[in-house]
Structures are given as structure tokens and as C-alpha cells.
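The values are calculated or read from the model by the stated rules, or taken from the named source; none is laboratory data. Values in this document were obtained by computation on a predicted structure and should not be read as measured data. Cβ atoms come from the backbone with ideal geometry, glycine included; neighbour counts cover every protein chain shown. Heavy atoms of the whole protein, side chains included, go into the accessibility calculation; ligands, DNA and RNA do not. Shrake-Rupley method; radii C 1.70, N 1.55, O 1.52, S 1.80 Å.
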Amino acid sequence: MSEEGTIAAGNKLVLSTKALCKSYGDVVALDQVSLEVGSGEMVVLCGPSGSGKSTLLFMIAGLLSPDGGAVELSGQDLSHLSSSGRTGLRSREIGMVFQDARLLPYLEIEANILAGGGTAERANELIEELGLGDRRSHVPKKLSAGEQQRVGLARALVTNPKLLLADEPSGNLDQGSTELVLAGLKKFVAEGGAALVATHDPEVIKMADWVFTLEKGILQG
């Protein structure tokens, strides 16, 4: 992956953004942001709070529309899709991990993981991989923050997405949960997934194939 460049040899282009711009009044959130992410690659976005990282992730997911530029996922330009088309593409090809897990409070772990799709077989595989086997009958309020985040990661991976978008996936977690989350990210990429991760965690940054910084909406790397 590279800014306005080519992905590593042998990797398939999954995500491409071209000169993305977004402003909120006089505040420029994104200023001509172009990047590519290929299969089997992890790209990390660093930058201070308010630098545009979350805006970029939400735009790539089709949850925000750019003022200019384009997002292409697996060769499809999101701007050419209807709202339902973007929703369908997102559910099929994108997994999202948020800073807070955003779990449904009344559902047990497996039901939370399957809320956006996937199979029970895949959900149970992830439950075991992420060390949640003894928590499968729990609702979110009975889980620690680290356990909730692991459920959130499982939910993002259960549909076997091509692209994983993660916003501070290891922020404020205990050591055990951090290690399991990082192992899950590493396995996803090793198996050919493409990951774009906004983080300040040095352990995540060490895992990255490419590291970029967003500051005042400008991508630097």
C-alpha cells in the first residue's frame, strides 16, 4: 500500500480512496486524502484527536459522503451506489470495530456476534479464538471492557469481510484482551484480509505494513 502508489507485489487491491475531501463549516476534516490498501496488508493511521481519522473510516464505510473525491471498494465506486447498495456492500465486504464495542445490551455473546450476519459455526470459532468460551451465555453488562471489545472484533470478522476498519481497537484494554485482539487482527491479515486501523497503540503500529499520520485532514507518510 502507498499514498497514491501501488500495493505490494502479489496483493490484490481492496480499497482505494482518491482525493477525499470533507469539511464541517470552516473546519477541514479531510484534505485530498488518497490511499490504497491491498489484501494481506495492515495500514495504520496515527494522528491527534480531531485529525480526521474517524471521519475517514466512516467515509470508507459509506456512512458519510465526501465533499469531493471517491472511495472504491473491490473496484466499486461508492458514489455510484444507492443507499441500499452501500449498505449491502458494507455488510458483505466490510467489518467495523469501534472504540466502544456498541453491543446490543439484551443479547448474549453469540447473538451479538451474529447480529450483522455470518454463521453460527464461524461465530463459535471466533468465540474460542478470542478467549470468550466461558462467557458465551453472558450479556454485555456482565462482560469486562476487554471482553466486550473482543465480542466487537468477532462481530466484525464473522462475515469474513475483505476489509476491516478499526478505530482504536486496543484502546484502554487490559494486557490479556490486548494480546487477543492483536492476535485476531494479525490472523485476519495473514489470511489475506485488508485492514485499516486508526490507533496510537505502539504494539499495533509495530504490526503495520504501512504507517501514515493524519493531521488537520492531511495524510502524511
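Our estimate of slack between Thr87 and Phe58, defined as 0.36 nm per intervening residue step minus the Cα-Cα distance, is 9.2 nm. Which angle between 0 and 90 degrees, to the nearest 10, do you get for helix 175-190 versus the longest principal axis of the chain when only C-alpha atoms count? Helix 175-190 sits roughly 60 degrees off the main axis of the chain. Modelled this way, with points 7 Å down the Cα-to-C-beta line, the labels at Gln76 and Ser144 are 3.9 nm from one another. Taking a point 7 Å out from the Cα of Val28 in the direction of its Cβ, the residues of segment 183-221 whose backbone N falls within less than 15 Å of it are 214-220.
Over 27 Å between Cα atoms, which of Lys22/Lys162; Lys22/Lys186; Lys12/Lys186; Lys53/Lys187; Lys22/Lys206 qualify?
Working: Lys22/Lys162 25 Å; Lys22/Lys186 31 Å; Lys12/Lys186 18 Å; Lys53/Lys187 24 Å; Lys22/Lys206 29 Å.
Among Lys22/Lys162; Lys22/Lys186; Lys12/Lys186; Lys53/Lys187; Lys22/Lys206, the Cα-Cα distance tops 27 Å for Lys22/Lys186; Lys22/Lys206.
Can you tell me the 0 to 90 degree angle between the C-alpha axis of helix 83-93 and the longest principal axis of the chain, rounded to 10? That helix lies at roughly 60 degrees to the long axis. Using 0.36 nm per residue and subtracting the Cα-Cα separation, the extra length available between Gln175 and Val211 on full extension is 10.7 nm.
Distance between the C-alpha centres of segment 6-81 and segment 122-156: 29 Å, rounded to the whole angstrom.
Would you please classify the overall shape of segment 137-183 from the alpha carbon gyration tensor, given that a ≥ b ≥ c denote the square roots of the eigenvalues, rounded means a/c under 1.5, and beyond that prolate means a/b larger than b/c while oblate covers the rest?
Values: a/c = 2.13, a/b = 1.28, b/c = 1.67.
Oblate.
What number comes out for accessible area per residue over the chain if the probe is 1.4 Å? Units Å², please.
Details: 10070 Å² over 221 residues.
Accessible surface, normalised per residue, equals 46 Å².
Go through Glu125, Glu72 and list them by solvent-accessible area, largest first, probe radius 1.4 Å.
On the way: Glu125 80, Glu72 50 Å².
Listed by decreasing accessible area, they come as Glu125, Glu72.
Note on Asp134 and Ala190: the extension gain reaches 17.5 nm, defined as 0.36 nm multiplied by sequence separation minus the Cα-Cα distance.
Take the solvent-accessible surface of the protein heavy atoms, probe 1.4 Å, and return the percent of it on the chain that carbon and sulfur atoms account for. Carbon-and-sulfur percentage of accessible area, whole number: 51.
In the neighborhood of Gly131, defined by Cβ-to-Cβ distances under 10 Å, what is the net charge if each Lys or Arg adds +1 and each Asp or Glu adds -1? Write down the numbers at each step before the final one.
Numbers: positive: Arg135, Arg150; negative: Glu128, Glu129, Asp134, Glu147, Glu179.
Result for the local shell: -3.
Val197 contributes about 0 Å² of solvent-accessible surface, heavy atoms of the protein only, 1.4 Å probe.
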